[in-house]
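Read-outs: derived from the displayed coordinates by stated rules, not from any lab. Note that the structure is a prediction, hence the values are computed from the model and not measured. As a convention, Cβ positions derive from the backbone with ideal geometry for all residues, glycine included, and neighbour counts pool all protein chains shown.
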Amino acid sequence: MKDFNLILSGIFFTLAASFGGLLISSEVQLGSLGRAPAEEGGPLFPPIETGLAIQGRQVYLELGCVTCHTQQVRPAGQGNDIAKGYGPRPTVARDYVLQTELLLGNHRNGPDLANYGARAKSDDEIHGHLRSPAAGSTMPAYHFLYVVDKNGITQPTERAQALVAYLKSLRIDYNSPEAKLKQ
Amino acid sequence: MSQDYHRQAPSSPSDTGSALPVRLFFASALGWLMISSVLGLIVSLKLQTPTFMAGCEWFTYGRLEVLQRNAFTYGWIANAIFGVNLWIMSALARFEFKDSWLAVGGWLGWNLALTLGLGAIFLGHLNGYVLLEMPKEVAPALFISFLFAALWPSVAFIRRPTGHVFVSQWYIIGASFVFPVAFGITQLLVLWYPTSGVLQALIHSWFIQNIQLLWIGASAISATYYFISKESGRTISAYYLATVGFWTYFLFAGWTAPASLLGGPIPVWIQSVGVTTALMMLVPAIILGINFFGTLSYSRGFAYAWNNTTLRFVLVGMVSFAVSSALNIVFSTRSLNAVVRFTDFTVGQQQLVNYGFVSMVFFGAAYYILPRVTGSFWPSAKLVHLHFWSCVIGGLGLALHLLICGYPTVNSGVMSYYYIPVIFFVLLQLVGHLAFAINSCVMLFASARNTNDNPHA
């Protein structure tokens, strides 16, 4: 094995094989996936993000939240995500078809957020958590997302409001053709 | 025979043309190593005490952790790869490097682009994909700089005056080719012209496996082959298997990507392909183990390795490689992966590979190469020992702590004392890196000193 072209050709083949076998075949299977109704004639899911939520997604990225939080719920038998209450069903490929930048995450210092919007009770609760996380949590407080007005009352900045809108938009509590909610 | 050629291979490149770029690559690698070590300490302190430096957005945990990872990978490891690969290939191919200014240009471009990219992350311009966090506008500069900095080993191979080839050269050629291809394709399909939905996750996992195994891993394997043979003065054991090991390693590595997405929102058949090929990585792992450990398994071979500074580091790297390969294979199975996925256990696996194996091998390589490119002796043997023991206890201690205790952090809630050993081990690594940096800086920048220490360690 002394010929440079032979070595390079072989390496190119190994790369091309994995690229073609995994990625091109996946594109063939999933490339045309689109939104779908939960039931015939019903609204299409996943829902389109609001403008504020799109801005909030940018804040989520800027703060590096994806470092500690995933947005994927594994099926029962492949981890205990559903038993922990992270979501009512596993996430499927269709849930992400509208996302131009996927924020699946690969490590959890905090809980999964795929269905956080359905778990959170109110905006105030989310703001409270961002301002002052529960004792024992490894999450830092994001004081810089809040300002104190002239009356001494803490108010969320526009970025905080956008972030909360984004977090509330994270929901998988709808039926998907590939993953139905348990009745 | 290639083995015989290798036994007679020169101890240093046949000219001094490669000395300057190799020195520069090591100097910048050291700088980034120190930066990433300090960032690592801050990050671990923030995990223990989330209020630490929490008032300023720039020092948010999410950003600093990303900065640390990128400084370590694209700063320390990448620069070390450039330097070690160039030096080894120049030595093996007896390459007369006449255009070293091109490699210096690549060094300058790479480190400037990296500085800009990390600065952008610090200011909040980051992406959500591991090792693709730097803004996409920086990618073309990194890509072009890589071509200038890292393709010289291939030129050296093509222009070598002899027909002989050693196994290290295959891995270096492979590593030099894989990075620009995988990096370019992934940048285009994930950041510049993003594919839809989960396809991005698949492409990203393919990128990570190629970078981890076929660029970083292959470069460290190349250096391991070179130094165990060169420093022990022996031919590689069962050399005839090395070809099979090389091709199976490169063939299977890219396919293992879906094994890092088990349970995720991708088709099950793709996950099964990932698990199957991850198990098939047992073949190259066994062959590499036979080649590495077999070469040193002669009478008193391991004792000799322990008493040789370069081989001592490489030996720790070999053990880490064996353990991490076994763990990666075993924990790619669905049932075990389901337990440890998303936990600090996987961080421990990464620590074992990137630090226990890759970094330790490159530390060993530095102890061999730097005296030869500077014409100086290592100033202090005590600092060498401090470096070794701090890194072994700190680096491997951290890996073991995360592997053993990392699982309960997510499954049973975070224990208040869990991060204290992390801080201790990270601090110990910082001490070791500081010792290494002081020793190296004296060699690289100060006037040459002669001490009683053996320059070949």
- [ ] Could you work out the Rg to Rh ratio of the protein assembly as shown, with Rh taken as the Kirkwood radius (inverse of the mean 1/r over all Cα pairs)?
- [x] 0.98
TODO: Mind computing the radius of gyration and Dmax over the alpha-carbon atoms of the range A:1-147? Å is fine for both.
DONE: 20.6, 68
Task: Proxy reagent accessibility, fewest Cβ within 10 Å first, across A:54, A:7 - done: A:54, A:7
Task: Other-chain or far-sequence residues with amide H under 5 Å of residue A:45's (modelled H) - done: A:36, A:38
- [ ] For every other residue with a beta carbon closer than 11 angstrom to the beta carbon of residue A:33, add +1 if it is Lys or Arg and -1 if Asp or Glu, then tell me the sum.
- [x] -1
Task: Nonlocal amide H pairs with residue A:146, under 5 Å, H built at 1.01 Å - done: A:157
TODO: Please work out the FRET efficiency for the pair residue B:420 and residue B:307, using the Cβ-Cβ distance as r and a Förster radius of 51 Å; give the result to the nearest 0.05.
DONE: 0.90
- [ ] Report the relative contact order of the range A:59-183, percent, no decimals, based on alpha-carbon pairs under 8 angstrom and at least 6 residues apart.
- [x] 29
- [ ] Give me the number: length gained by fully extending residue A:54 to residue A:32, i.e. 0.36 nm times residue separation minus the C-alpha to C-alpha distance, one decimal in nm.
- [x] 5.6 nm
Open item on the list: In the range B:296-457, if the dipole is taken from +1 on Lys/Arg beta carbons and -1 on Asp/Glu beta carbons about the Cα centre, which of B:432, B:389, B:305 is farthest to the positive end?
Closed with: B:305
Task: Given chain B, longest segment not containing exposed loop trypsin sites (Lys or Arg not before Pro) (DSSP; at most 10 other Cβ within 10 Å) - done: B:99-299
- [ ] Relative to the longest principal axis of the C-alpha atoms of chain B, give the angle of the C-alpha long axis of helix B:242-253, reported between 0 and 90° and rounded to the nearest 10°.
- [x] 20
TODO: Provide B:304, B:419, B:61 in ascending order of the number of other Cβ atoms located within 10 Å of each residue's Cβ, fewest first.
DONE: B:304, B:419, B:61
Task: Crossing angle, helix B:61-70 versus chain B [Cα axis fit, 0-90 degrees, rounded to tens] - done: 20
TODO: Give, as ranges by residue number, the residues of the range B:223-243 whose backbone N falls under 11 Å from the point 7 Å along Cα→Cβ of residue B:297.
DONE: B:237-238
Task: Shielding by partners - mean other protein chain Cβ count within 10 Å, residues of B:178-186 - done: 2
Open item on the list: At a threshold of 8 angstrom on Cα-Cα distance, excluding pairs fewer than six apart, so keeping six or more, what relative contact order does chain B reach in percent?
Closed with: 16
Task: Dipole magnitude of chain B, debye to nearest 20 (Cβ charges: Lys/Arg +1, Asp/Glu -1, about Cα centre) - done: 560
Task: Dipole magnitude of the protein assembly as shown about its Cα centre (Cβ charges: Lys, Arg +1; Asp, Glu -1), debye to nearest 20 - done: 1040
Open item on the list: Please give the Cα centre distance for the range B:271-340 versus the range B:136-161, rounded to the nearest Å.
Closed with: 29
Open item on the list: Whole-Hz ³J(HN,Hα) for each residue in the range B:379-384, computed from phi via Karplus 6.51 cos²θ - 1.76 cosθ + 1.60 with θ = phi - 60°, x for glycine and proline: what do you get?
Closed with: x, 9, 5, 5, 5, 5
TODO: In debye, nearest 20, what is the charge dipole magnitude of the range B:296-457 about its Cα centre with +1 on Lys and Arg Cβ and -1 on Asp and Glu Cβ, if you could check?
DONE: 200
TODO: State which helices in chain A qualify, where a helix is a whole DSSP H run, it must extend 20 Å or more along its own axis by its Cα atoms, and its mean Kyte-Doolittle hydropathy must be at least -0.5.
DONE: A:4-18
TODO: Just need the relative contact order of the range B:296-457 here, percent rounded to a whole number, with Cα pairs under 8 Å and 6+ apart.
DONE: 31
TODO: Pull up all non-local amide H partners of residue A:176: gap of 5 or more, or a different chain, and H-to-H distance under 5 Å with H placed in the peptide plane.
DONE: A:181
Open item on the list: As I understand it, the value is the acute angle between the Cα axis of helix B:139-150 and the longest principal axis of the Cα atoms of chain B; what does it come to in degrees, rounded to 10?
Closed with: 20
